[in-house]
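Read through the structure below, which is laid out as structure tokens, and then see the notes.
The values are calculated or read from the model by the stated rules, or taken from the named source; none is laboratory data. Every value quoted in this text rests on a predicted model; they were computed, and no experiment measured them. With ideal geometry, Cβ positions are generated from the backbone for all residues, glycine too; neighbour counts draw on all protein chains shown. Areas reflect the complete protein model, heavy atoms only, side chains present, ligands, DNA and RNA absent. Shrake-Rupley method; radii C 1.70, N 1.55, O 1.52, S 1.80 Å.
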Amino acid sequence: MRARLLDAAVESLVDLGYAKSSTQEIARRAGVSRGAQLHHFPTKESLVVAAIEHLVRKRLEELVTVDREAGLDILLDAFSGPLFYAALELWVAARTDPALHAAMVPLERTVTEALSEGGREVFGDAISGEALELSIELARGLAVSAIFRTPETDSTLRQRLLPVWEAMVMK
């Protein structure tokens, strides 16, 4: 039941955004009663943050199993898809929602640390710690700006910039 609620929360964030993702809607999507939802997650913030945390762990496991030859492209892929869009909804909402902001701070710290650890595991000594940190921030920024590009123009931009980026940060 908990996993259904977490999946439904991400689905709702992606489909409706944070503002329209009510706990009632999430419970409906999960096929559980409101009481069952409240038993597992007493607040909307706790539910959506737990959902993102759950999916982040799954995505990070995928990241460290990727072929090292994939290069920095794997970082770009880490900031894509439904998980990224659900997290982005929470980042924007957390700017003006103090309760959500407080719930997101530890999660974002954990995500950043996990990306750094996963990146060190994937890249080894082929990239410095600072270059990896910069690359994570660059990948996040490219993912946000990709919202305003078509898949074709995003692919063209990645093909053009990725070799330059890799030449700058890889040893």
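For helix 2-16, report the angle its Cα long axis makes with the longest principal axis of the Cα atoms of the chain; keep it between 0 and 90° and round to the nearest 10°.
Here the helix axis deviates by roughly 70 degrees.
Can you give the accessible area of Leu5 in Å² (nearest 10), computed on protein heavy atoms with a 1.4 Å probe?
Around 0 Å² of this residue is reachable by solvent.
Could you run the Karplus curve 6.51 cos²θ - 1.76 cosθ + 1.60 with θ = phi - 60° over the stretch 136-149 and give me ³J(HN,Hα) per residue in whole Hz, x for Gly and Pro?
Listing the rounded values in order: 4, 5, 5, 4, 4, x, 4, 5, 5, 5, 5, 4, 9, 10 Hz.
Please report the spacing between the Cα centers of the stretch 134-171 and the stretch 10-53 in Å, no decimals.
If you average the Cα positions of each part, the centres end up 32 Å apart.
Mind pulling the angle between the C-alpha long axis of helix 81-94 and the longest principal axis of the chain? Nearest 10 degrees, somewhere in 0 to 90.
70
Express the relative contact order of the stretch 15-171 as a whole percentage, based on alpha carbon pairs under 8 Å and six or more residues apart in sequence. Display every interim value, and only then the final one.
Numbers: 98 pairs, mean separation 40.8, N = 157.
Rounded, it is 26 percent for the stretch 15-171.
Using a 1.4 Å probe, how large is the accessible area of Met168, given in Å² and rounded to the nearest 10?
Accessible area, nearest 10 Å²: 150 Å².
State the percentage of accessible surface on the chain attributable to carbon and sulfur atoms; use a 1.4 Å probe and exclude ligands, DNA and RNA.
Working: 5330 of 9300 Å².
C and S atoms contribute 57 percent here.
Between Glu113 and Ser80, what is 0.36 nm times their sequence separation minus the Cα-Cα distance? Round to one decimal in nm.
Values: separation 33, 0.36 × 33 = 11.88 nm, distance 1.84 nm.
Length gained, Glu113 through Ser80: 10.0 nm.
Compute the length gained on full extension between Glu25 and Ser128: take 0.36 nm times their separation in residues and subtract their Cα-Cα distance, giving the result in nm to one decimal.
Details: separation 103, 0.36 × 103 = 37.08 nm, distance 4.46 nm.
Here the segment from Glu25 to Ser128 would lengthen by 32.6 nm.
In a Gaussian network model over the chain where Cα atoms closer than 10 Å are linked, find which of Ala27, Ala19, Ala86 has the largest mean-square fluctuation.
Ala19
Let me cross-check His40: its accessible surface, 1.4 Å probe, with only protein heavy atoms counted, in Å² to the nearest 10?
So the heavy atoms of His40 present about 60 Å² to solvent.
Choose one answer from Ala143, Ala103, Ala70: the residue with the largest mean-square fluctuation in a GNM of the chain with alpha-carbon springs under 10 Å.
Its mean-square fluctuation being the largest, the pick is Ala70.
Rounded to the nearest 0.05, what FRET efficiency do Ser46 and Arg120 give with R0 = 35 Å and r taken as the Cβ-Cβ distance? Could you check?
Details: r = 31 Å, r/R0 = 0.88.
Efficiency for this residue pair is about 0.70.
Given the alpha-carbon gyration tensor of the stretch 1-132, what are the semi-axes of its equivalent ellipsoid in whole angstrom, ordered largest first, with each equal to the square root of 5 times an eigenvalue?
30, 15, 12
Thr96 versus Phe148, label points 7 Å from Cα toward the beta carbon: distance in nm?
Output for this residue pair reads 1.9 nm.
What FRET efficiency do you get for Thr156 and Ala3 if R0 is 45 Å and r is their Cβ-Cβ distance, rounded to the nearest 0.05? Don't jump to the answer; show the numbers that get you there.
On the way: r = 38 Å, r/R0 = 0.84.
E between Thr156 and Ala3, to the nearest 0.05, is 0.75.
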